[in-house]
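Accompanying notes for the structure given below.
The values are calculated or read from the model by the stated rules, or taken from the named source; none is laboratory data. Because the structure is predicted, anything quoted here is derived from the model rather than measured. When we count neighbours, we look across all protein chains shown, and the Cβ atoms used for this are built from the backbone with ideal geometry, even at glycine. SASA here: full protein model, heavy atoms, side chains in, ligands and nucleic acids out. Shrake-Rupley method; radii C 1.70, N 1.55, O 1.52, S 1.80 Å.
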Amino acid sequence: MKPFKEEVAERISQNGKNRRLRDAALAFTAASTAPKYSYNFSWLGRPIIQYPQDLVAMQELIWSIQPDLIVETGIAHGGSLVFYASLLELNAICGGPNDGTVLGIDIDIRAHNRTAIEAHPMFKRISMIEGSSLAPEVIRRATEAAKGKSRVMVCLDSNHTHDHVLAELKAYAALTTVDSYCVVFDTIIEDLPEETYPDRPWGRGNNPKSAVHEFLKTHPEFQIDKSIDHKLLISVAPDGYLKKLA
């Protein structure tokens, strides 16, 4: 496997230098946003609202890190919660932590979504908190859930304004354990045409990517993992895969 892995690493490195390929990938992402391409997918029966490339990246990270806790802000239909929980279940079957869980946080968990999530077979690994991700009590409960955990991943995917994401990073990124990741979704907003989100409060200069870059100015313990960006090419989270180094 060593020669194969070396070939993969070289291809990924070359992807990062291939402007034509990167431009084509961005063009597809831009063209597919308005038709809501990401809304076409589900995981074990629950809508997941993610691009398949990012799902593969998360699978690779979860297998590599073997987390015993994944904290996610933003629940929607619960597809991501079910996805993460199912991967933790697979990890356990393959000899990983038996007690891995997912904690989802959302300001509004709609009744029909809560009912469906709670009825899902993977709910045994899921817990949820309803409330603003920035509310002190919600942050306290998430922090308490992370105490004593060996490997914690954090995923931020709720309100996409700069101020909100920056505040979430300040509140939750610290829960990430060394060599694990804090993944900030929808950083792609910065790279899309200004008119892409006419009915939303975010846009260029006011989005998760601008928040990530602001956060990193004072948090050198995190580093953008560009190899993931170069591997995926098509992703909603460019510059959003943050590895905790120390």
For region 233-246, name all the residues that are in a loop (DSSP other than H, G, I, E, B) and closer than 18 Å to VAL212 by Cα. SER235, VAL236, ALA237, PRO238, ASP239, GLY240, LEU245, ALA246
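Here's the yes/no breakdown for (1) farther than 16 Å from ASN159 by Cβ; (2) of a type in the set (Asp, Glu); (3) within 19 Å of the chain's Cα centre (by Cα):
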residue	(1), (2), (3)
ALA76	no, no, yes
CYS94	yes, no, no
ASP99	yes, yes, no
ILE109	no, no, yes
Positions within region 220-236 being more than 22 Å from THR33 (Cα to Cα) and open to solvent by 50 Å² or more (accessible area, probe 1.4 Å), in sequence order: PRO220, GLU221, GLN223, LYS226, SER227
Inside region 84-105, can you point out the residues that are in a strand (DSSP E or B) and either at pLDDT below 95 or surrounded by fewer than 24 Cβ atoms within 10 Å (Cβ to Cβ) (or both)? THR101, LEU103
Just to check your reading of the model, which residue among LEU216, LEU245, LEU192, LEU169 is open to solvent by less than 10 Å² (accessible area, probe 1.4 Å) and more than 16 Å from the chain's Cα centre (by Cα)? LEU192
Return yes when ARG125 is at pLDDT 95 or above and open to solvent by 40 Å² or more (accessible area, probe 1.4 Å) and no when it is not. no
With respect to ILE12, determine if the residue is assigned to a helix (DSSP H, G or I), aliphatic (A, V, I, L, M), buried (at least 17 other Cβ atoms within 10 Å of the Cβ) and modelled with pLDDT of 95 or more. yes
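For THR161, state whether it is modelled with pLDDT of 95 or more, hydroxyl-bearing (Ser, Thr, Tyr) and in contact with a helix residue (DSSP H, G or I) (Cβ under 6 Å, 6 or more places away or on another chain).
no
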